[in-house]
Every structure is written in C-alpha cells, then in structure tokens.
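**Q** What follows is a structure written as structure tokens; I'll ask about it next.
The values are calculated or read from the model by the stated rules, or taken from the named source; none is laboratory data. Bear in mind the structure is a predicted one, so any value in this text is a computation, not a measurement. Glycine also receives a Cβ, built like all others from the backbone with ideal geometry; neighbour counts cover every protein chain displayed.
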Amino acid sequence: MKLLEKILLATDFSTTSDYVVENAIVLAKIFQSKITLLHVLPDDINNEKAKELLDKGATNQLKIINSHINNQGVKTNNPIIEYGSYSEKVVKASENLNANLILIGAGEKTKNDKFQLGTTAETIIRKSNKPVWVVKKDNPLNIKTILCPVDFSDESKRALKNASIMARRLKSKLIVFSVYEKLIRTSVKLNWKDINELRKSDHSRDLDKFLKDFNFTDLKWSKEIKGGDPALEILNAIERHSPELLIMGTTGKTGLSRMIMGSVTEKVIREVPCSFMTLKSEDIIDLKLETRIREIEKHYEVAIQLMEDGFYDESINEYKICLTINDMHIPSLNGLAKVYKKIGDTNNADKYKSMAKEVLTRIWDWKVEEEIRKQYKS
C-alpha cells in the first residue's frame, strides 16, 4: 500500500527548484510515490510567436527534469503546463490530480532576509487544502530531526499524526513542541513565578492527555514545553534544535475565511530557516486500503508496512484478512503475535504465537503421514 501515492511538483525552473526536484526524488523513493511535474506560464502574452517559444522551451525543460527523475528510478505522470496565476493553477492541479502532497520551493530568498518565504509559496499555502511541503534552498532531504508544534487543536492533531509517520519513514527524531501563555508581570503584587509554574503544570497535564491518542511505539521522540509567545518560541526552538523539517497545522477555514492560515503559522513560516510542511484539512498519508486486492501476498505486504508505520489496528485487520483467505498462513499468525506484543496485549500475542506453532506441527504431521503412505505404496 502506498501512503503517499501522488506528489505534485511545481517547478519554476529557478535554482531553488533544483532542490525541490532532488527532495521529491528522495521522498518518492521512500514512499514509492509517483511524481507529476507542473510549470505555469503567464497568460498575458499577446505575441503568438513569443508564446510558442515559451511553450516549447518549458516543454523541453520539463522533459529534461522528467527524464532525470525517471533515471533515478522514480515513476512520473506526463508533465503539465498551465497558463495563468501560478498559485491558482498549482492549487487547481493538485485537486484535479488528487495529489497527496504539493512540493514547492520557498522562493529566491537568502538566509539574511528577515521574511524568507516567497509570496507565491505563501499564497499556495493559504489557498490549498492539500498538504504543502516547502523546500528551502540548500536543504537536501536528509532529515534527522522533525519539529512539530501542537496547541491541542484538530489541525495540530492532524499535523502530529502525519509527523509521526514521516519520522518513522525518514528514521528521524520527532520533537513535539508546545507553548503555554506566560503571564507578564504587572503592577499588581502577585507571586508571578508561582502562577506561571502552575500554568506550565496545567499545560503539561493537558499535553500528556493530548498525546495519549498517538502511537509513539518504536519511535525516537521527545516533548518540550515553553512559556511565551507561540510564534517566537517556535522559532527559538528551531534555533535550538536545528530541525531539518518543521510540520505544522494551519487553520482549516472555508468560505470567506478560507484565506486564513492562522496567525502563529503565518508568522513562523515567513521566518523559518528550514524546510517545512503545512497541513490544513487533508492528510499527507492515505489509509484507504485497496479492497479489490485479495491476494494474500498483497495483504501481507500491507500488514507489514502498516505495522512498521505504527498503524497497529489497521495492520491487525490486514493480517486477519490473510487468515480469512488461508487460516494456516503462518507468516500472518506470527505477524499478529508481533503486533499484539507491540501494543501490550500479551494474551493475544501468546494466542497467535501458539496457533502458529500448532499449524507448523500439523503441517509436519501431514508431511510425515504423506511420506509413510508413499512408502506403503511402493
């Protein structure tokens, strides 16, 4: 099963786009994804000859990039050329393609620029309901640490769920970061230090409650709490930990408020020095299992991958589908024993381990019986 099946790679042929392409290749190899290239040309060119030359040049450049991706062992769809607003066409193409992820460059900014995010990338993030991965220049996809800020909202819950999957697949450390509002001392004479300590304690308790819904088994992770302005503290955390990837949830609004991404997210992504991914109302991963595939080998492969990605309930379901096809499928019985052991269900772990041994014994007995019958026949 492919958790990240379709990547839309929007390229403007700039220097930054070279890094986007290389990131996309590495990501596609890890997730066995298929890449679709997209380039947007302006629609206000009145000179037909100039338009023809631009179209031909863009087509040739896309072919070169597409061939490079294929030569790296990654599958692609036919490249797309659109005309009009860059951000609007990228968002529309992602919807038409039903992409799991939009991959774009941050724009031609330098580390000395206070606001490092290009306006086009920011507009795409605002308008898209799809997850958007923004690649910063000079940032290869060698992710050792992922930082995921959470504020207990549904958006941050989605971000953390996806961050845990990315951390597993990329074999990265995950830092769950949360900020509580620290009260500023006023003229009122109160013990502000004790008050803020109580606020931190309450926030820590709420964070632990929030994290109970997540599976961190076999994942290298830590949590961190700071008090203060959320945007500032997130940027400070990035400076301390130097993560290669930031994953944040954005406000999932519709209608007239659709352009709102959330003030904290907006402040952070404008200044963040590392590559980052934003999620609004859709996951980067797709857990819709291909029910039309009933071959036991396929379900077994899916079960193994789900177990490795930490989807233990879904893995159990796939192993059990294997057993409905063949109730003596020893690999699935052993797989179930492993999953139940990971989630601490020792009774079921022992049960399926015992069943696997019984099946092996039965198979052995049948083989012995078959050999004896052969001997009598001869």
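**Q** In region 23-57, how many residues are assigned to a helix (DSSP H, G or I) and touching a residue at least 40 places away in the same chain (Cβ under 8 Å)?
**A** 9
**Q** Shifting gears a bit: For residue 341, are the conditions met, namely being buried (at least 16 other Cβ atoms within 10 Å of the Cβ) and at pLDDT 90 or above?
**A** no
**Q** For region 121-190, please list each of the strands (runs of 3 or more DSSP E) lying entirely inside it that holds at least 2 residues being assigned by TED's automatic domain parsing to the domain that holds residue 225 and over 29 Å from residue 18 (Cα atoms).
**A** Per the criteria, 173-180.
**Q** Right, something else. Within region 95-108, is there a residue that is modelled with pLDDT under 90 and surrounded by fewer than 22 Cβ atoms within 10 Å (Cβ to Cβ)?
**A** Among the residues of region 95-108, at least one is modelled with pLDDT under 90 and surrounded by fewer than 22 Cβ atoms within 10 Å (Cβ to Cβ), which makes the answer yes.
**Q** Residues being under 29 Å from residue 159 (Cβ atoms), assigned to a strand (DSSP E or B) and not hydrophobic (A, V, I, L, M, F, W, C): count how many of those fall in region 83-106.
**A** Taking region 83-106 as the starting set, the residues that turn out to be under 29 Å from residue 159 (Cβ atoms) are 85-106.
Subset that is assigned to a strand (DSSP E or B): 101-105.
Retained after the next criterion (residues that are not hydrophobic (A, V, I, L, M, F, W, C)): 105.
The qualifying residues number 1.
**Q** How many residues does region 58-76 hold that are part of a helix (DSSP H, G or I) and of a type in the set (D, E, K, R)?
**A** The total comes to 1.
**Q** Mind listing whichever residues of region 49-69 are surrounded by fewer than 16 Cβ atoms within 10 Å (Cβ to Cβ) and among the β-branched types (Val, Ile, Thr)?
**A** Across region 49-69, the qualifying residues are 59, 64.
Yes or no, residue by residue, for (1) buried (at least 21 other Cβ atoms within 10 Å of the Cβ); (2) β-branched (Val, Ile, Thr); (3) touching a Lys or Arg at 6+ places or on another chain (Cβ under 6 Å); (4) at pLDDT below 90:
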residue	(1), (2), (3), (4)
257	no, no, no, yes
263	no, no, no, yes
291	no, yes, no, yes
308	no, no, no, no
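**Q** Continuing with the same structure: Counting only residues that are in a helix (DSSP H, G or I) and of a type outside the set (D, E, K, R), which one in region 13-22 is surrounded by the most Cβ atoms within 10 Å (Cβ to Cβ)?
**A** 20
**Q** Check region 47-54 and report whether any residue there is touching a strand residue (DSSP E or B) at 6+ places or on another chain (Cβ under 8 Å), under 29 Å from residue 170 (Cβ atoms) and not hydroxyl-bearing (Ser, Thr, Tyr).
**A** no
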